[in-house]
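Below is one structure; the comments refer to it alone.
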Amino acid sequence: MKSEIKDTTADLAKKARNGVDMAQEAVNDSVDSLGKRLRSLESLWAEYGDVVIKNAKELGSVAEKQVRSNPLAAFGIAFGAGILLARLLRR
């Protein structure tokens, strides 16, 4: 009887170790996969980040010119957007 209990306990311990090992491998694989994706994203950001910043500056420049040439229209658009945003946020 004692030997059966020892055998059962040993089997359970072995299965538990195997389960922990499998879980650790799965976590390691997930971390590796995430690391690869982050490196890929980092390289994309390095490649396109400068383009995005340049385009944002150009867009800001164009918007500034439009506001300076049509201040009343710019005020009306900003006012309407503010009203709309306030109504959306109230709900």
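Can you give the log10 of the normalised intensity I(q)/I(0) at q = 0.22 Å⁻¹, computed with Debye over equal Cα scatterers of the chain? At q = 0.22 Å⁻¹ the computed log10 ratios are -1.04. For the chain, the Cβ-based charge dipole about the Cα centre amounts to some 580 debye (Lys, Arg positive; Asp, Glu negative; other atoms uncharged). Between LYS14 and LEU41, the FRET efficiency from the beta-carbon distance, with R0 = 30 Å, is close to 0.15. Counting only residues at least eight positions apart within a chain, or on another chain, the lysines with an alpha carbon under 25 Å from that of LYS15 are LYS2, LYS6. How tilted is helix 71-90 with respect to the longest principal axis of the chain? Cα atoms for both, answer in degrees (0 to 90, nearest 10). The angle comes out at about 40 degrees. Highest GNM mean-square fluctuation, the chain, Cα pairs closer than 10 Å: which of LEU41, LEU72, LEU59? Between LEU41, LEU72, LEU59, it is LEU72 that shows the largest mean-square fluctuation. Across the stretch 9-17, coupling constants 3J(HN,Hα) worked out from phi with the 6.51/-1.76/1.60 Karplus curve, θ = phi - 60°, read 5, 5, 5, 5, 5, 5, 5, 5, 4 Hz, and Gly and Pro carry x.
Read-outs throughout are calculated quantities, based only on the coordinates presented, and are distinct from any laboratory measurement. A quick note: this is a predicted structure, and the numbers were derived from the prediction, not measured. We place every Cβ from the backbone using ideal geometry, glycine too, and count neighbours over all the protein chains shown.
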